[in-house]
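Each remark here refers to the structure printed beneath this line.
The values are calculated or read from the model by the stated rules, or taken from the named source; none is laboratory data. Predicted, not measured: the structure shown is a model, and the values here were computed from it. So basically every Cβ, Gly included, is an ideal-geometry build from the backbone, and we count neighbours across all protein chains shown.
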Amino acid sequence: MTGNKFLLDTNIITAWLKGDTSIASKIDKAKEVHIPIIVVGELYYGALYSTQVQKNINNIKSMTSNYNVLQIDEETTIVYGNIKAILRKKGKPIPENDIWIAAIGQRFQLTIVTRDKHFKEIESINLKSW
């Protein structure tokens, strides 16, 4: 996996934080690992809804201090609009946050690592499942 540049989806980070060692190993071998700001928001939602709020918040803060968090810029909004329009024309909507994650991945030319099958509806992105 050396040389690969990845953007991690929420379900990958959640599995990693729960101790999935196969994910940790793949992250260690990656050239670059990035986290979309949308995923950070989803993680905070999960943490604040959990029974171990402070522990989960601490994990998020540790992760965001060690990995690059990618923001949404104007170029990303254009990519987002294009992806959403194509999905609508195909009649294949996916969750709104996942469109944003896909837009960030495409904008920064990163492979999106996810376990969600609906990302396959977006032909303009690179996907990997861990």
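Quick look at the values:
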read-out: Which numbered condition A47 misses (of (1) touching a Lys or Arg at 6+ places or on another chain (Cβ under 9 Å); (2) modelled with pLDDT under 95; (3) within 17 Å of K61 (Cβ to Cβ)); value: (2)
read-out: Scope region 49-72; condition touching a helix residue (DSSP H, G or I) at 6+ places or on another chain (Cβ under 8 Å) and either under 21 Å from A103 (Cβ atoms) or charged (D, E, K, R) (or both); matching residues; value: T64, V69, L70, Q71, I72
read-out: Output for region 83-122, where each listed residue is farther than 14 Å from P36 by Cβ and without any contact (Cβ under 8 Å) to a residue 24 or more places away in the chain; value: K84, A85, R88, K89, G91, P93, K117, K120
read-out: Residue match in region 110-119 (condition: farther than 14 Å from L8 by Cα and either in contact with a Leu (Cβ under 7 Å, 6 or more places away or on another chain) or surrounded by fewer than 18 Cβ atoms within 10 Å (Cβ to Cβ) (or both)); value: yes
read-out: Single residue of V79, V53 found to be crowded, with 16+ Cβ neighbours inside 10 Å, out of contact with any Ser or Thr (no Cβ under 8 Å at 6 or more places or on another chain) and either without any contact (Cβ under 8 Å) to a residue 24 or more places away in the chain or more than 19 Å from K128 (Cα to Cα) (or both); value: V79
read-out: Residues satisfying the stated conditions in region 29-50, i.e. loosely packed, with under 12 Cβ neighbours inside 10 Å and part of a loop (DSSP other than H, G, I, E, B); value: K31
read-out: Matching residues, region 60-76, being of a type in the set (S, T, Y), under 26 Å from A24 (Cα atoms), touching a residue at least 12 places away in the same chain (Cβ under 8 Å) and in a helix (DSSP H, G or I); value: T64
read-out: Positions within region 1-16 being among the aliphatic types (A, V, I, L, M) and crowded, with 19+ Cβ neighbours inside 10 Å, in sequence order; value: L7, L8, I12, I13
read-out: Residue match in region 92-99 (condition: loosely packed, with under 12 Cβ neighbours inside 10 Å, in contact with an Asp or Glu (Cβ under 9 Å, 6 or more places away or on another chain) and not in a helix (DSSP H, G or I)); value: yes
read-out: Matching residues, region 100-110, being in contact with a Lys or Arg (Cβ under 9 Å, 6 or more places away or on another chain) and either outside any loop (DSSP other than H, G, I, E, B) or hydroxyl-bearing (S, T, Y) (or both); value: A103
